[in-house]
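Below: the structure, in structure tokens.
The values are calculated or read from the model by the stated rules, or taken from the named source; none is laboratory data. These figures come from a predicted structure and were not determined experimentally. For neighbour counting, all protein chains shown are included, and Cβ atoms are generated from backbone atoms with ideal geometry for every residue, glycine included. Note: areas computed on protein heavy atoms with side chains; ligands, DNA, RNA excluded. Shrake-Rupley method; radii C 1.70, N 1.55, O 1.52, S 1.80 Å.
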Amino acid sequence: RRNYKNVFDAIGRIFREEGPKRLYAGLAPNVLRGMSMNVGMLACYDQAKDAIAVHVTKDKDPKKPSVVTNLLSSAVAGFTSAFFSLPFDMLKSRMQDMKPDAKGNMPYSGLADCTLAIFRKEGLLAFWTGFPAYYGRCAPHAMIILLTIEQVTKVYRSVFVVAKPVPLAS
């Protein structure tokens, strides 16, 4: 713990004691984590929904999936979201937590160096350490977001989308 009084104290002390560059430690993997999380969630959701509606819940109309279908597919999307983003989350945490050694050198010089160091010392599976707990955090997020999007889309379509345009007579 660094015993910051508040967020402004933390920003000021980091700026003064560690330099302005340190305020952005972990920025690149954080951006990559956010991107991979959304790709994992959004790209897989519709595919999972179609497959689950046809093969698991056997919905009568796959274009109008049941709540169970939506829940299951959002859980799958949460899984892929966690799987894609956990390596970047781990890199982000490592880079944000690094402290200089006795000589004042940082353990990692950047994102690539951090990635290679972890891979060499801990192996490939180290990037998914703590996956069950991370999935336990990502799945509810994905479920809430995706189920909310479903409802908002239904309301939007019922209010703003006209069924079929009427062709003009020639």
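Examine the range 44-54 for a residue that is farther than 29 Å from R157 by Cβ, buried (at least 16 other Cβ atoms within 10 Å of the Cβ) and either touching a strand residue (DSSP E or B) at 6+ places or on another chain (Cβ under 9 Å) or not hydrophobic (A, V, I, L, M, F, W, C) (or both), and state whether such a residue exists. There is no residue in the range 44-54 that is farther than 29 Å from R157 by Cβ, buried (at least 16 other Cβ atoms within 10 Å of the Cβ) and either touching a strand residue (DSSP E or B) at 6+ places or on another chain (Cβ under 9 Å) or not hydrophobic (A, V, I, L, M, F, W, C) (or both). Look through S81, S74 and report the one residue that is surrounded by 18 or more Cβ atoms within 10 Å (Cβ to Cβ), in contact (Cβ under 8 Å) with a residue 40 or more places away in the chain and touching a Leu at 6+ places or on another chain (Cβ under 8 Å). Going through S81, S74 in turn, just one is surrounded by 18 or more Cβ atoms within 10 Å (Cβ to Cβ), in contact (Cβ under 8 Å) with a residue 40 or more places away in the chain and touching a Leu at 6+ places or on another chain (Cβ under 8 Å): S74.
For the range 3-30, filtering for residues that are open to solvent by 70 Å² or more (accessible area, probe 1.4 Å) and within 24 Å of M143 (Cβ to Cβ) leaves 0.
Can you say whether A43 is part of a helix (DSSP H, G or I), among the small types (G, A, S), out of contact with any Pro (no Cβ under 7 Å at 6 or more places or on another chain) and over 24 Å from A139 (Cβ atoms), as far as the supplied structure shows? Against the criterion (part of a helix (DSSP H, G or I), among the small types (G, A, S), out of contact with any Pro (no Cβ under 7 Å at 6 or more places or on another chain) and over 24 Å from A139 (Cβ atoms)), A43 does not qualify. Restricted to the range 55-82, and to residues there that are farther than 17 Å from T153 by Cβ and among the polar types (S, T, N, Q), the residue that is modelled with the lowest pLDDT is T57.
Here the condition is being touching a residue at least 40 places away in the same chain (Cβ under 8 Å), over 17 Å from L32 (Cβ atoms) and not hydrophobic (A, V, I, L, M, F, W, C); of G104, G130, it holds for G130 alone.
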